[in-house]
Amino acid sequence: MKKMQISLLVSTYNRPDALALVLRSALRQRLVPGEIVVADDGSGGETRAVVEEAASRAPFPVRHCWHEDLGFRLSEIRNRAIAQGRGDYIVMVDGDLVLEPSFLADHARASRPGRMVQGGRVLLSEAVTRDALARGRIEFGPFERGTRNRKNAVRSRWLSRLASYDARNVYRVRGANLAFWREDALRVNGFDERFVGWGREDSEFVARMQHSGVRRLQLKFAAVAFHLWHPEASRALLPRNQEILERTLTNHATRCELGVARHLQGG
């Protein structure tokens, strides 16, 4: 049987200090990925330097997928990164999510044909985040002071088997910790690039995946990750994005028109 090749897709925008911690945590994984693809939504030179430094230390390819900064275009840069990637299984995280050492191993263990996996996150406080960035700290635990969702910091294989469940509610989707087969993503044409600005792009992508027959596992007590604090993004374009999601749900759509195919060779 062919060994699964994991592409770790890390989305980022102008936060090189946080990205440096995330990439450090990615390089210490017990299960080594086939590659890391940094999906960069138009950051400056400091971010490129962080990616290049990680690439110089990694025993596998670290790719920097960048496009011009024309505003919040997360869907498009993720599609570009998916098109650039070489792995058959994509584990997608945000560039402010520090990974516990068994993070990728847990995702690999939960993977099944026809399934995508939604992981959780531990919300670190502003004070803990400032300290972590100042000291380059990537070790956290369930008893960290000033954190929310601390139960998500508990890792237990037997608890995970008991507590994980099939999920359908697309409003509970978080693209910050999401894994899926590349062939499934290509079949639904990846992320819908009509989404500009924050909100609902993850939910709409997962809705099409579910409409196409892909089940979603809500993974508990595994694939632990710690979310570095940041101010909330603008919600100004959320109403427009909500309309796109609602049309997808109403029409039971399985494919978007403006998606990853345009970035594939011959697409």
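The values are calculated or read from the model by the stated rules, or taken from the named source; none is laboratory data. Keep in mind that this is a model prediction, so the values were computed, not measured. Virtual Cβ from ideal backbone geometry, glycine too; neighbours counted across all protein chains shown.
Couple of notes before you dig in:
- Qualifying positions in segment 1-22 - part of a loop (DSSP other than H, G, I, E, B) and either under 18 Å from Trp198 (Cβ atoms) or modelled with pLDDT under 95 (or both): Met1, Lys2, Lys3, Met4, Tyr13, Asn14, Arg15
- Failed item in (1) surrounded by 22 or more Cβ atoms within 10 Å (Cβ to Cβ); (2) under 15 Å from the mean Cα position of the chain (by Cα), with Arg182 passing the rest: (1)
- Here segment 104-156 is the region considered, the condition is being hydrophobic (A, V, I, L, M, F, W, C), assigned to a loop (DSSP other than H, G, I, E, B) and over 18 Å from Ala222 (Cβ atoms), and the residue that is farthest from the chain's Cα centre (by Cα) is Phe143.
- Which listed residue is surrounded by 14 or more Cβ atoms within 10 Å (Cβ to Cβ), more than 24 Å from Leu264 (Cβ to Cβ) and without any contact (Cβ under 8 Å) to a residue 60 or more places away in the chain, from Val62, Val50, Val37: Val50
- Apart from one condition, Ala55 fits all of (1) assigned to a helix (DSSP H, G or I); (2) in contact (Cβ under 8 Å) with a residue 24 or more places away in the chain; the exception is (2).
- Residue match in segment 191-205 (condition: more than 24 Å from Gly71 (Cβ to Cβ) and of a type in the set (A, V, I, L, M, F, W, C)): no
- Any hit, segment 2-14, residues being among the small types (Gly, Ala, Ser), in contact (Cβ under 8 Å) with a residue 60 or more places away in the chain and surrounded by fewer than 23 Cβ atoms within 10 Å (Cβ to Cβ): no
- If you go through segment 249-267 and keep only what is of a type outside the set (A, V, I, L, M, F, W, C), closer than 18 Å to Glu76 by Cα and in a helix (DSSP H, G or I), you end up with Arg262, His263.
Matching residues to (1) surrounded by 14 or more Cβ atoms within 10 Å (Cβ to Cβ); (2) in contact with a Lys or Arg (Cβ under 8 Å, 6 or more places away or on another chain); (3) without any contact (Cβ under 8 Å) to a residue 60 or more places away in the chain:
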| position | (1), (2), (3) |
| --- | --- |
| Ile138 | yes, yes, no |
| Arg150 | yes, no, yes |
| Val154 | yes, no, no |
| Asp166 | no, yes, yes |
| Ala176 | yes, yes, no |
| Met209 | yes, yes, no |
| Ala223 | yes, no, no |
| His227 | yes, yes, no |
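- Here segment 232-248 is the region considered, the condition is being assigned to a loop (DSSP other than H, G, I, E, B) and aliphatic (A, V, I, L, M), and the residue that is surrounded by the fewest Cβ atoms within 10 Å (Cβ to Cβ) is Ala236.
- Test result for Glu183, farther than 21 Å from Arg28 by Cβ and among the acidic types (Asp, Glu): yes
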